[in-house]
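Everything below concerns the one structure shown next.
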Amino acid sequence: MTSREIRQKFLDHFAKRGHTIVPSAPMVVKDDPTLMFTNAGMNQFKDLFLGNRPAKDKRIADTQKCLRVSGKHNDLEEVGIDTYHHTMFEMLGNWSFGDYFKKEAIQWAWELLVDEYKIDKENIYVTYFGGDAADELEADEETRQLWLQYLPAERILPFSRKDNFWEMGDTGPCGPCTEIHVDVRTAEEKKAKPGRDLVNNDHPQVIEIWNNVFMQFERKADGSLHTLPAQHVDTGMGFERLCMVLQGKRSNYDTDVFQPLIQPVSKQCGRKYGATLNSQPGESRYRHACDRRSPARDLVRHCRWTIAEQHGRGLCDPSDPASCGAIRLQLPGLHRTFHACARGNAGERDGRSVPGTEEATWHHRERDVGGGEGFSAYAGAGHQAFGASPLGEPPRGTIPGDKAFELFDTFGFPIDLTQLMAREQGRDVDMKGFEAELQKQKERSRAATTVTTGDWVDLAKGETTFVGYDELSSPARILRYRKGERQGGDQFQIVLDRTPFYAEGGGQVGDQGWLINGDERVEVLDTKRENQLIVHFTKALPKDVNASFSAQVDASRRNLTARNHTATHLLHHVLRKQLGTHGNRRVHWSPRTACASTSVISPRSRPRSSRPSSAK
């Protein structure tokens, strides 16, 4: 099967079992301050797991674009070095919100893999949670018993919390999981060593493809576990790994997900890309290029999806790779821009599954804005500095940590690229020295933005009703609150049952105002969204949190914001009408800058369409 057929079969399988198929959420996360990028399929459903809003559909399936470049889930260092890690990847997932649980999830996973995808069951191993004394959790015997209906006991393996208890971060929804691994080694390799000995041992051909997480708990800020009000299923199957298994390959990069990107670049460079890891000098660079995005690489898969996403949201110009952060990658023999080599194939392959890609691809074919040939100026400077005297000439020995940091800090040269180039020269990088310099910089820049928060204190159940389009004052009660700490003092975050305060979003500033109870006036300094919650930020907590308040927006400030918002959209509309949508990036942010601290949106003047028909 082609990758497109594999993806569709997954969605069809769960559609037949009552799942609503939903689109992928954007990779750039909105309304969740704990994440910059979507790093797992469950991110867009986090508020459903937490009970912040009810689930419209109890069963959902999707394919989610994910990016893992930092934080708890970070595959950056493995990319290109091995055959199966990626920073940007697709995650096929099925979800149950308080509906089915372990039995159905395991049964339907088995039916898809064995009955529909025709994977030999003799090659399948599964793992389950073996318990954890620190959390006072017993082994997941229920999952083990369910798997015994399909597999012999010797291929059902217990593992620790590290491997089989899934947590998105330090806090939030979590639970035990069962992973499905497939052994795609040759018969001779299997005879020499049983697959069970290689599960969870980073073997490239005994590989995990699917993780079924059973969301039962919420991890609190103090580290304790609390049972969620309902049990949920959260699964994620690595699309690229699944394609490797089903297409009979030994590397993800040899599948039709990557080859349409790698081959044009390989041809342009005049160097054939081989199937064996590091079979040719610089081969890992092809893998880097077609996998991930960093400040010194034009990474086609990520850029293709990000350009489509950001253009659809009016945030970048699809005809200008630079407007979406895309730059060039240095590959031996490559004299055209990387987009020019690979963009067509990427668009044709991804077009039907990624909305907006077709338009971005069309713009790319029309013109290569800012193109020229060669590489971006700062990346070129970084490459020159790498071989220049500060690092020793001729190149040999360990690259000092302070020099590696200078490349990073002065030229924007990412440390992973420095390590990659050093490895190709047979050199090392003093990472301890680099980390020490990086830590010094962090300490210098860490200031008022550092915020830590405690757990929510719930006073009442319910959801917030927003009335701010028509009212600037409203009676309100507190549903929940929590305390936060930042440099300069404490702060409190408050959620109301009814609010006229408009939360920051889409670039607009949040409302300010007051919570009033008799003679007490608590100032609201800002309003933001977090996982579907409208959160009011204050320096103090009301004396009586159970009282009834009058929530009042600062009307003067709201009116100033309204004027700036209206002017911004009228100007933007006319410029788009006169210059075309490709002028988007060049005009989008200028009005916001002119609006200064009172920019940009007021809910009361928000246009109901993206192009007001009355604009002249």
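Among the residues making up region 131-154, none is part of a helix (DSSP H, G or I) and touching a Gly at 6+ places or on another chain (Cβ under 8 Å). If you filter region 3-31 down to residues that are in a loop (DSSP other than H, G, I, E, B) and at pLDDT 95 or above, you find that the one that is nearest to Asp62 (Cα to Cα) is His19.
Just to be sure, is Leu407 modelled with pLDDT under 80 and either outside any loop (DSSP other than H, G, I, E, B) or loosely packed, with under 14 Cβ neighbours inside 10 Å (or both)?
Working: modelled with pLDDT under 80: no; either outside any loop (DSSP other than H, G, I, E, B) or loosely packed, with under 14 Cβ neighbours inside 10 Å (or both): yes.
It is false that Leu407 is modelled with pLDDT under 80 and either outside any loop (DSSP other than H, G, I, E, B) or loosely packed, with under 14 Cβ neighbours inside 10 Å (or both).
For Val199, the stated conditions hold: it is assigned by TED's automatic domain parsing to the domain that holds Tyr128 and assigned to a loop (DSSP other than H, G, I, E, B).
Of the residues making up region 159-186, those that are small (Gly, Ala, Ser) and either within 21 Å of Asn123 (Cβ to Cβ) or part of a strand (DSSP E or B) (or both) number 2. Leu479 - would you say it is part of a strand (DSSP E or B), closer than 19 Å to Thr453 by Cβ, of a type in the set (A, V, I, L, M) and touching a His at 6+ places or on another chain (Cβ under 9 Å)? Considered against the rule, which asks whether it is part of a strand (DSSP E or B), closer than 19 Å to Thr453 by Cβ, of a type in the set (A, V, I, L, M) and touching a His at 6+ places or on another chain (Cβ under 9 Å), Leu479 comes out as no.
What residue, of Thr561, Thr593, Thr566, is modelled with pLDDT of 85 or more, polar (S, T, N, Q) and assigned to a helix (DSSP H, G or I)?
Thr561
Residues in region 32-59 that are modelled with pLDDT of 70 or more, surrounded by 21 or more Cβ atoms within 10 Å (Cβ to Cβ) and touching a helix residue (DSSP H, G or I) at 6+ places or on another chain (Cβ under 9 Å): Met42 only. Under the condition of being under 26 Å from Leu48 (Cα atoms) and outside any strand (DSSP E or B), which residue from region 512-544 is farthest from the chain's Cα centre (by Cα)? Filtering first and then ranking leaves Gln532. Kindly evaluate Tyr150 against the criterion of being surrounded by 13 or more Cβ atoms within 10 Å (Cβ to Cβ), touching a Pro at 6+ places or on another chain (Cβ under 9 Å) and on the phi < 0 side of the Ramachandran plot. Considered against the rule, which asks whether it is surrounded by 13 or more Cβ atoms within 10 Å (Cβ to Cβ), touching a Pro at 6+ places or on another chain (Cβ under 9 Å) and on the phi < 0 side of the Ramachandran plot, Tyr150 comes out as no.
Can you confirm whether Asp234 is surrounded by fewer than 22 Cβ atoms within 10 Å (Cβ to Cβ), within 21 Å of Ser160 (Cβ to Cβ) and in the same structural domain as Ala134 (by TED's automatic domain parsing)? So Asp234 fails the test.
Among the conditions (1) assigned to a helix (DSSP H, G or I); (2) at pLDDT 90 or above; (3) aliphatic (A, V, I, L, M), Met215 misses just one, which is (1). In region 110-130 there is at least one residue matching the filter, namely being free of Cβ contacts under 8 Å to residues at least 40 places away in the same chain, in contact with a strand residue (DSSP E or B) (Cβ under 8 Å, 6 or more places away or on another chain), outside any strand (DSSP E or B) and of a type outside the set (A, V, I, L, M). Exactly one residue among Gln487, Gln425, Gln441 is closer than 30 Å to Leu225 by Cα, surrounded by fewer than 18 Cβ atoms within 10 Å (Cβ to Cβ) and at pLDDT below 85, and that residue is Gln487.
Among the residues of region 1-19, what is the count of those that are among the hydrophobic types (A, V, I, L, M, F, W, C) and either in contact with a helix residue (DSSP H, G or I) (Cβ under 8 Å, 6 or more places away or on another chain) or buried (at least 21 other Cβ atoms within 10 Å of the Cβ) (or both)? Quick ask: steps written out before the conclusion?
In the first step, residues of region 1-19 are kept if they are among the hydrophobic types (A, V, I, L, M, F, W, C); the result is 1, 6, 10-11, 14-15.
Restricting the remaining residues to those that are either in contact with a helix residue (DSSP H, G or I) (Cβ under 8 Å, 6 or more places away or on another chain) or buried (at least 21 other Cβ atoms within 10 Å of the Cβ) (or both) gives 1, 6, 10, 14.
Summing the residues that are among the hydrophobic types (A, V, I, L, M, F, W, C) and either in contact with a helix residue (DSSP H, G or I) (Cβ under 8 Å, 6 or more places away or on another chain) or buried (at least 21 other Cβ atoms within 10 Å of the Cβ) (or both) in region 1-19 gives 4.
Scanning region 245-263 for residues that are under 24 Å from the mean Cα position of the chain (by Cα) and among the small types (Gly, Ala, Ser) turns up just one, Ser251.
Can you go through Ala133, Ala153 and tell me which one is at pLDDT below 95 and of a type in the set (A, V, I, L, M)?
On the way: Ala153 fails: at pLDDT below 95.
Matching residue, one of Ala133, Ala153: Ala133.
The values are calculated or read from the model by the stated rules, or taken from the named source; none is laboratory data. In this text, all values refer to a predicted model and were calculated from it rather than measured experimentally. For neighbour counting, all protein chains shown are included, and Cβ atoms are generated from backbone atoms with ideal geometry for every residue, glycine included.
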